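Asker: A single structure is presented below for examination.
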Amino acid sequence: MGLQSGTQTPANTLSVYIPGYFYTASSLRDANGDKSSVDPDFTMTITGAGISWVSDFKILGANYGATALLAFASNTIQGNNANVNNSLALTDSYVQPIQLGWHHKRADFVVSYQLYLPTGSYTAGASDNSGLGMFMNEFSAGTTLFFNDKKTFHFSALASYEINGKKKDTDIKTGDILSIEGGLGKTFYMMNTEKTAPTGILNAGLIYYLQYKVTDDKIPVPVIGIVEGEKDSVGAIGAEVNYFHIGCKTSAGFRWVAEVDAINRFQGNTFFLTLAHVFSLKKE
């Protein structure tokens, strides 16, 4: 989520977006954080089409919203198995039926529930799976803190807890995952020639994430290509910049993070591009 991860988009808006996610694994780390003998050589790609809606309907003083993403992926990572080789295909779908957002003078808050539906293909042990073959339920809560009245200097943190079901036609169950992500950034308003009104909004800053597997995987039989060990974890730090053109109601964003201190998992770099258009649903 990056910058302002604890902030919900404005009420009475409908956003359509196209994401581009690219993850390049540079190494596979063992239980000590050292490079394993496995040498990964692949880039995972995800794209698709998404829609996000925020209403003026209030629940406990918060605006209600929802999001959905139909995604396609190639080289879908299966845990820490380096044997992945699938072309771009339908992957698991993302649905967020509940998102609540509060806006205050110096802080925003958001809570949500989302699930991942196993719409991608999956066969246990296959190298060309496009999905993970399991239902995933996730609960999130976060905040964005503003350090001035104009809300141009901010820090955010969003915590998510993911509960995974059993993989299709197996007794394999991935452990629950805790993720924390956010960023420290600055907002700049790009003014018109007369300096009377903004024409665009630029957001830039440093971003981070931390991810921990908090319960053990349940793997009844050994799986080829999996590094044996206890729970995995990873950290990452990077940068983000995004721009919203007010007149066109269109935004473009770029995010990069480099992973560090990986345990029992891949370590690499992530590049994330997003294009979005915002429709106003406010009655004139």
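Asker: When you scan region 122-140, do you find a residue that is surrounded by fewer than 17 Cβ atoms within 10 Å (Cβ to Cβ) and either among the basic types (Lys, Arg) or assigned to a strand (DSSP E or B) (or both), even just one?
Answerer: yes
Asker: Would you check if Ser156 is within 13 Å of the chain's Cα centre (by Cα) and closer than 14 Å to Met1 by Cα?
Answerer: Taking the combined requirement at face value, the residue does not satisfy it.
Asker: Take the residues in region 159-182 that are of a type in the set (Gly, Ala, Ser) and out of contact with any Ser or Thr (no Cβ under 6 Å at 6 or more places or on another chain); name whichever of them is nearest to Gly131 (Cα to Cα).
Answerer: The extreme case among them is Gly165.
Asker: Please pick out the residue among Gln4, Gln78 that is crowded, with 17+ Cβ neighbours inside 10 Å and on the phi < 0 side of the Ramachandran plot.
Answerer: Only one candidate qualifies: Gln78.
Asker: Can you confirm whether Leu69 is out of contact with any helix residue (DSSP H, G or I) (no Cβ under 9 Å at 6 or more places or on another chain), at pLDDT 95 or above, under 29 Å from Ala89 (Cα atoms) and not polar (S, T, N, Q)?
Answerer: Criteria met by Leu69.
Asker: Go through the residues of region 96-112 one by one and say whether even a single one is out of contact with any helix residue (DSSP H, G or I) (no Cβ under 6 Å at 6 or more places or on another chain), hydroxyl-bearing (Ser, Thr, Tyr) and at pLDDT below 95.
Answerer: no
Asker: Answer yes or no as to whether Ser52 is of a type outside the set (A, V, I, L, M) and buried (at least 17 other Cβ atoms within 10 Å of the Cβ).
Answerer: Yes.
Asker: Residues being surrounded by 14 or more Cβ atoms within 10 Å (Cβ to Cβ), assigned to a loop (DSSP other than H, G, I, E, B) and either aromatic (Phe, Trp, Tyr) or touching a residue at least 40 places away in the same chain (Cβ under 8 Å) (or both): count how many of those fall in region 161-197.
Answerer: 6
Asker: Within region 48-91, count every residue that is among the aliphatic types (A, V, I, L, M) and free of Cβ contacts under 8 Å to residues at least 12 places away in the same chain.
Answerer: Selection size over region 48-91: 0.
Asker: If you don't mind, there's one more thing I want to ask. Is it the case that region 59-72 has a residue that's under 20 Å from Ser127 (Cα atoms), in contact with a Ser or Thr (Cβ under 9 Å, 6 or more places away or on another chain), surrounded by 15 or more Cβ atoms within 10 Å (Cβ to Cβ) and not acidic (Asp, Glu)?
Answerer: Yes, region 59-72 contains a residue that is under 20 Å from Ser127 (Cα atoms), in contact with a Ser or Thr (Cβ under 9 Å, 6 or more places away or on another chain), surrounded by 15 or more Cβ atoms within 10 Å (Cβ to Cβ) and not acidic (Asp, Glu).
Asker: Would you mind stating whether Lys105 is of a type in the set (D, E, K, R), surrounded by fewer than 16 Cβ atoms within 10 Å (Cβ to Cβ), part of a loop (DSSP other than H, G, I, E, B) and touching a residue at least 40 places away in the same chain (Cβ under 8 Å)?
Answerer: yes
Asker: May I pose another question? Could you check, for region 141-160, whether at least one of its residues is under 29 Å from Leu90 (Cβ atoms) and surrounded by fewer than 21 Cβ atoms within 10 Å (Cβ to Cβ)?
Answerer: Yes, region 141-160 contains a residue that is under 29 Å from Leu90 (Cβ atoms) and surrounded by fewer than 21 Cβ atoms within 10 Å (Cβ to Cβ).
Asker: Hey, another quick one. If you scan region 146-160, which residues turn out to be free of Cβ contacts under 8 Å to residues at least 60 places away in the same chain and in a strand (DSSP E or B)?
Answerer: If the condition is that a residue be free of Cβ contacts under 8 Å to residues at least 60 places away in the same chain and in a strand (DSSP E or B), then Phe146, Phe153, Phe155, Ala159, Ser160 are the ones that fit.
The values are calculated or read from the model by the stated rules, or taken from the named source; none is laboratory data. If you're wondering where the values come from, they're calculated on a predicted model, not measured in any experiment. Positions of Cβ are backbone-derived with ideal geometry, glycine not excepted, and every protein chain shown enters the neighbour counts.
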